[in-house]
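The next block holds one structure in the form of structure tokens; read it before the comments.
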Amino acid sequence: MPQKDKIKKVPRQFQRVLWSYDISKMDLEEDKKEIITQVLNYGDWGDLKLLYKLYPEKEIKKVVKNPRRGVWLEKVLNFWLTIFNIKLKKENYQKAIFNLNPVRK
């Protein structure tokens, strides 16, 4: 089987930050946005070190620069935006933040 067709398994260590997923069915490449987002949001120092072994910093920054809608904890996103010196449009930032009580206009 060619290497590019082989599924790259998600480390079992990430199961606790990917609690709502069956990680045996996830692929490191195909699901990298979700994996990176969840590790940055909920992971500990060990998870972060492993994340950096699996993905280049460029890929991690890309996920922070283009945050998925409604899945980021505000303090966490602020932290990573500061660490990577990334400026987001206010609209993109607000859409990225997980909010159980959104204000309707």
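The numbers here are math on the coordinates, done by the rules we state, and not lab data. Quick caveat: nothing in here was measured; it's all calculated off a predicted structure. Methodologically, a virtual Cβ is constructed for each residue, glycine included, from the backbone with ideal geometry; neighbour enumeration extends over all protein chains shown.
Against the test of being within 12 Å of Phe14 (Cβ to Cβ) and surrounded by 13 or more Cβ atoms within 10 Å (Cβ to Cβ), the options Leu81, Leu50, Leu73, Leu77 yield a single qualifying residue, Leu50. Does Leu54 fit the bill of being touching a residue at least 40 places away in the same chain (Cβ under 8 Å) and among the aliphatic types (A, V, I, L, M)? So Leu54 passes the test.
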